Structure formats: structure tokens, C-alpha cells
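> Got a structure here, written out as C-alpha cells. Questions coming.
The values are calculated or read from the model by the stated rules, or taken from the named source; none is laboratory data. Please read all numbers here as calculations on a predicted model, not as lab measurements. Here the Cβ positions follow ideal geometry from the backbone for every residue, glycine too, while neighbour counts run over all protein chains shown.
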Amino acid sequence: MKTRGYAALSAKEELIPYEFSRREPGPHDVALDISFVGVCHSDIHQVNEDWGPSLFPMVPGHEIVGVVDELGEGASTLRIGERVGAAWLARTCGACRFCLADQENLCLHPSFTGWDIDGGYATYVVVHEDFVYRLPAGFDDVEVAPLLCAGIIGFRALRRTRLPQGGRLGIYGFGGSAHLTAQIAIAEGAQVHVMTRSPESRQLAKALGAASVGDTGDPPPEPLDGAILFAPVGEIVPIALAALDRGGVLAVAGIYLSDIPTLNYERHLFQERALCSVTANTRHDGREFLEIAEKIGVRSTVHPYPFSEANRALNDLAHDRFSGAAVLVDFDT
């Protein structure tokens, strides 16, 4: 079956309209008729080969909302017509030492949506039923799309900080992922301090209940028990580490980060301050986040773009021209 979409044919090139043969659903696969897809910074890094050589042509997109259109042999957990989501993690081996230790985000042989398999900048996608999320009824399609990567990764980063109950959390950068994470942290009783260069994002942070807002280099008004770096800027790492209280943890939420400057041990790491990364997510992370997001009423600040303007959405995201998250809608527009 032919599928229409948008693809990059080579590195650092704009996406173009692209027609390709959809992979037929294999055992336990499901085919989704795509309604909406979120736009993620990872899409930019993939096309730019910031992680190393990419496979082209590439159909990106991993914040996918759609309905089940076809079931592969043996697929039994979902029904035709059911609204579901597909995210970054597309498959794990289930047999390596990490999968067997409930750390499937570190799987030695993973597959990722929009990277190893065709992604959501298209009319259809085929995914394995075990890596599909049932979506909370309280979210509409366009609002739920950013939750499927930005939300899940931010949630895992929050948990990686080991933030104590009522703790003081610093957030550096305030885009699609950060504005969702902040809502979770505030609902759980944290004092959230946001540092971002964007005036519009600072306004959004205030509206969401941040205890303080400032520019990226500004010190927070109190020492931090934990911090999350969402901006892919390595120069912020020493700033955030210096803002931590004793025993504080800085989690780097992005899959890409520019080079980190030289750290001073006593200023940045001594007294058991810690720096950690966040790698993908487990399905448990996704299910837990979606459940909490529905319970506390997380809301996405969404900027819709027609599929035909995918390049504009990516360019606007790369240049911080909006606060919140971008979502592609109306494929035929």
C-alpha cells in the first residue's frame, strides 16, 4: 500500500513530499491511520546528523496520534478504530541484560520510531502493538501529541533528579518538554524555578505557577535540590551545577548536547552534586506519565501547523519562535 508523507532525502536538507510503500503489518504489528504528530527537537537532530550518519530517505516523527486501521497476525491487545499513540521507543530486544533488568531504555538492540522505522510525518505508520499507548480520554488529539515524547522524557528526567517531596527544582530552557514537566513537579509540591532566555517562555512559566523565572544565566533565589537541563547547550551545565545544593542532581533531558566546558570539581561537583543523562524511556515511564498527566490535568500549549508546513514548524522550533510545542495537523491542507 502506498503512503504519502514528508521525508528528508539527504542530510541537512528540507523535507519534501514523499510517496512510499508502507510496510505491511507483521506479527503483532498494528497499522495506524495518523491524525496528528508532534514536532520534536530530535527530528531536527536526526536530519542534521547530529548523532552520526542517518539513513535516508527519512520519514521523521515520533509523537504520533492515530487510530488503529489494521491488525497484523496475532495482534490482540488493540481494536480496529481505537485511538492510540506511538512514541520514540519502537521496539526492544527483550533479551539483553538491560531489558531483563527492567531498563529497556538502555536496550542493546533497540528500534526507534522515525529513525529505524518510518515515522509519523505521513498518513500511516506500522508499529508493534506492545509499544503503543492507549491515550487518556481527557486529552484531545492535538493536545495529547506532545505528551508522547516531550512529556514522557521530561517525566523521566524529573524522576532522575531524585527530587524530594516539596523540593526545589530548577528548569533550564522552557519549551515543549519543560512546560509539561513543570506542571507535574508543581502538582507534586515542588518549588519550580525557571531559567530561560525567551521572554515568551518566561511568561508561560509564570502562568503555570513557577515560583520564580529568570534568564538562563541568572542564579535561582535559593539553592536547588535538583535541576533539569532541557536546552541542548553544554555551556549551561556549569551554571546549573553551581546552583545545586549539597547532594543535588542535574539531569540532562536532551538526546543531544553541545560540548560541556571544563568543570571545577569544588565549585560544580563536590559535596555530592551529580550530573546524569536521560536515555530514551521505558514503557512504564510512558504509562505512568500519561496516568499522572490525566489525573492532575496537564495541559499542552500547542501551536498547530499543517503537514505541508512541516519545514516551517521545524525552523520555528529550531529558532525558539514559540513557547510550548508544535503539532502537525490536517495532512491534506
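> If you go through the range 245-281, how many residues are within 20 Å of the chain's Cα centre (by Cα), part of a loop (DSSP other than H, G, I, E, B) and not aliphatic (A, V, I, L, M)?
Count: 5.
> From the list ALA240, ALA251, exactly one residue is touching a residue at least 60 places away in the same chain (Cβ under 8 Å) and in contact with a Cys (Cβ under 7 Å, 6 or more places away or on another chain). Which is it?
On the way: ALA240 fails: in contact with a Cys (Cβ under 7 Å, 6 or more places away or on another chain).
Only one candidate passes the filter, namely ALA251.
> Residues that are buried (at least 19 other Cβ atoms within 10 Å of the Cβ), touching an Asp or Glu at 6+ places or on another chain (Cβ under 8 Å), within 22 Å of GLY85 (Cβ to Cβ) and in contact (Cβ under 8 Å) with a residue 60 or more places away in the chain: does the range 161-180 have at least one? Don't jump to the end; show me each part of the working.
The first filter runs over the range 161-180 and keeps only residues buried (at least 19 other Cβ atoms within 10 Å of the Cβ), leaving 161, 163, 167-180.
This time we only want the ones that are touching an Asp or Glu at 6+ places or on another chain (Cβ under 8 Å), so: 161, 163, 167-169, 175.
Next, from what is left, pick out any that are within 22 Å of GLY85 (Cβ to Cβ): 175.
After this cut, where a residue has to be in contact (Cβ under 8 Å) with a residue 60 or more places away in the chain as well, the list is 175.
Yes, some residue in the range 161-180 is buried (at least 19 other Cβ atoms within 10 Å of the Cβ), touching an Asp or Glu at 6+ places or on another chain (Cβ under 8 Å), within 22 Å of GLY85 (Cβ to Cβ) and in contact (Cβ under 8 Å) with a residue 60 or more places away in the chain.
> Now for a different question. If you take the residues in the range 270-280 that are exposed (fewer than 15 other Cβ atoms within 10 Å of the Cβ) and among the hydrophobic types (A, V, I, L, M, F, W, C), which one is farthest from ARG246 (Cα to Cα)?
For the range 270-280, the residue satisfying everything is CYS276.
> Please verify whether ASP320 is in a loop (DSSP other than H, G, I, E, B), at pLDDT 95 or above and surrounded by fewer than 17 Cβ atoms within 10 Å (Cβ to Cβ), treating the condition exactly as stated.
On the way: in a loop (DSSP other than H, G, I, E, B): yes; at pLDDT 95 or above: no; surrounded by fewer than 17 Cβ atoms within 10 Å (Cβ to Cβ): yes.
Here the answer is no, as ASP320 does not meet what is asked.
> May I pose another question? Could we say that VAL194 is under 20 Å from VAL252 (Cβ atoms), among the hydrophobic types (A, V, I, L, M, F, W, C), assigned by TED's automatic domain parsing to the domain that holds GLN165 and outside any loop (DSSP other than H, G, I, E, B) here?
Numbers: under 20 Å from VAL252 (Cβ atoms): yes; among the hydrophobic types (A, V, I, L, M, F, W, C): yes; assigned by TED's automatic domain parsing to the domain that holds GLN165: yes; outside any loop (DSSP other than H, G, I, E, B): yes.
Yes; evaluated as a whole, the condition is true for this residue.
> Please go through the range 55-92 and give me each residue that is among the small types (Gly, Ala, Ser), under 25 Å from GLY154 (Cα atoms) and either free of Cβ contacts under 8 Å to residues at least 60 places away in the same chain or surrounded by fewer than 24 Cβ atoms within 10 Å (Cβ to Cβ) (or both), ordered by number. Before the answer, list the steps.
First, pick out the residues of the range 55-92 that are among the small types (Gly, Ala, Ser): 61, 66, 72, 74-76, 81, 85-87, 90.
From what's left, under 25 Å from GLY154 (Cα atoms): 61, 66, 85-87, 90.
Across the range 55-92, the qualifying residues are GLY66, ALA90.
> Then there is this: Evaluate the following for VAL30: is it within 14 Å of THR113 (Cα to Cα) and either over 22 Å from the mean Cα position of the chain (by Cα) or not in a loop (DSSP other than H, G, I, E, B) (or both)?
Numbers: within 14 Å of THR113 (Cα to Cα): yes; either over 22 Å from the mean Cα position of the chain (by Cα) or not in a loop (DSSP other than H, G, I, E, B) (or both): yes.
Judged against the criteria, VAL30 is a match.
> Consider the range 316-333. How many of its residues are within 17 Å of GLU200 (Cβ to Cβ) and out of contact with any Leu (no Cβ under 6 Å at 6 or more places or on another chain)?
First, pick out the residues of the range 316-333 that are within 17 Å of GLU200 (Cβ to Cβ): 316-326.
Subsequent filtering for residues that are out of contact with any Leu (no Cβ under 6 Å at 6 or more places or on another chain) retains 316-322, 324-325.
Of the residues in the range 316-333, 9 are within 17 Å of GLU200 (Cβ to Cβ) and out of contact with any Leu (no Cβ under 6 Å at 6 or more places or on another chain).
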